[in-house]
Amino acid sequence: MEKIKISVVGNSVAIRIRPREENGQVYSLILKDLMSNSGIKEVIVSNLSVSRLITEEVIDDKDHFLNNDQEITIINLGCVDAPTRDIPLWFSDIIFNRRGKLLQAIFNPIYQYVIPKFRSKLVRMRGYNSWVSLDRFNINMDEIISSLVGKSKIVVLGINPGNERIEKQLPKTLTRYRLYNEVLQSVCNNHGITFISTLDLKSEEYFPDGVHYNRVGHQLIAGRIFDSLI
């Protein structure tokens, strides 16, 4: 019996459907069905994606994210690293309950009710900084991919190009998406691995909120990954 194990390492793009659909499937599960229907008897999908996952966190926990004896690894990172940000990373760690529930209870009202009113201004005040600089992202992605070369077939997904809603809230983010996509493409070229661009996709058709795939988007991405593997 042919058996293939697939690991998906990504952020919320890999695990959310927007708008939500009760019977919708994310691309990893659709890919599993496509591969099973193609004659592979047993396909095991391990979705290791985490909602707010940046490349540095993958490197800090390689044993969990990258060393799982998988035949295929799908990397879907960058949309958290790249955007300009209204709050620093340490503040986000509190909001996402990574620094204790008491701090979250104190800071969450600020994040929910105050910051949204001044988001674009805060981005400018912070110098249009991202959570992970372009140079650091380049280094991180090279380290992530280098650790997998020779152990697993690697497929890297590009960052969705965003839309005007994202740009209005986080100015200069669309430019960052383009630059970080160029890094992904370059690192993949250097290692001779598959890069699947998403720059041709229109937000209103495939990722209406500017970040996350809808049902049709997940289906399309699953198809592109499948085509790259057969």
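Provide the FRET efficiency to the nearest 0.05 for the residue 142-residue 179 pair, computing r from the beta carbons and using R0 = 22 Å. If you can, show how the numbers build up before the last one.
On the way: r = 16 Å, r/R0 = 0.71.
Rounded to the nearest 0.05, the efficiency is 0.90.
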*Between their Cα atoms, which of 168/202; 5/202; 153/202; 3/151 are more than 20 Å away from each other?*
5/202; 153/202
_Considering just Cα atoms, how many Å³ per residue does the convex hull of the stretch 1-53 enclose?_
69
*Using a Förster distance of 35 Å, the FRET efficiency for residue 125-residue 205 (Cβ separation, nearest 0.05)*: 0.50
*Over the stretch 115-230, give the accessible area per residue in Å² for a 1.4 Å probe, as an integer.*
49
*asked:* Running a GNM on the chain with Cα contacts under 10 Å, which residue among 21, 71, 143 ends up with the highest mean-square fluctuation?
replied: 21
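Please tell me the relative contact order of the chain in percent, rounded to the nearest whole number, where contacts are Cα pairs under 8 Å and at least six residues apart. Don't jump to the answer; show the numbers that get you there.
Numbers: 391 pairs, mean separation 62.0, N = 230.
Contact order relative to length: 27 percent.
What is the gain in length, in nm to one decimal, between residue 102 and residue 60 on full extension, counting 0.36 nm per residue of separation less the C-alpha to C-alpha distance? Can you show the working numbers first?
Working: separation 42, 0.36 × 42 = 15.12 nm, distance 2.54 nm.
Gain in length upon complete extension: 12.6 nm.
First select every other residue whose beta carbon is under 14 angstrom from the beta carbon of residue 3; then total the charges, Lys and Arg +1, Asp and Glu -1.
Details: positive: 5, 32, 41; negative: 2, 42, 69, 71.
Summing Lys/Arg as +1 and Asp/Glu as -1 gives -1.
Divide the volume of the convex hull of the Cα atoms of the stretch 84-215 by its number of residues and quote the answer in cubic angstrom per residue.
143
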*For helix 134-146, report the angle its Cα long axis makes with the longest principal axis of the Cα atoms of the chain; keep it between 0 and 90° and round to the nearest 10°.*
20
*Any chance you could give the angle, 0 to 90 degrees and rounded to 10, that helix 173-191 forms with the longest Cα principal axis of the chain?*
30
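Residue separation times 0.36 nm, minus the C-alpha to C-alpha distance between residue 22 and residue 110: what's the value?
Details: separation 88, 0.36 × 88 = 31.68 nm, distance 3.18 nm.
Answer, rounded to one decimal: 28.5 nm.
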*Span per principal axis, largest first, for the Cα atoms of the stretch 133-196 (Å)*: 42, 21, 14
*Taking Cα atoms, how many degrees apart are the long axis of helix 27-37 and the longest axis of the chain, rounded to 10 and kept between 0 and 90?*
10
*Which of the listed residues, 125, 201, 230, is farthest toward the dipole's positive end in the chain, when Lys, Arg count +1 and Asp, Glu count -1 at the beta-carbon?*
125
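List the trypsin sites (Lys or Arg not before Pro) in the stretch 1-85 that DSSP assigns to loop (not H, G, I, E or B) and whose Cβ has at most 11 other Cβ atoms within 10 Å. Which are they?
Numbers: sites: 3, 5, 16, 20, 32, 41, 52, 62, 85; in loops: 16, 20, 41, 52, 85.
Here the sparse-neighbourhood loop sites are 20, 41.
The values are calculated or read from the model by the stated rules, or taken from the named source; none is laboratory data. Being a predicted model, the structure only gives us computed values, none of them experimental. Please note: Cβ atoms are built from the backbone with ideal geometry, for glycine as well, and neighbour counts cover all protein chains shown. Heavy atoms of the whole protein, side chains included, go into the accessibility calculation; ligands, DNA and RNA do not. Shrake-Rupley method; radii C 1.70, N 1.55, O 1.52, S 1.80 Å.
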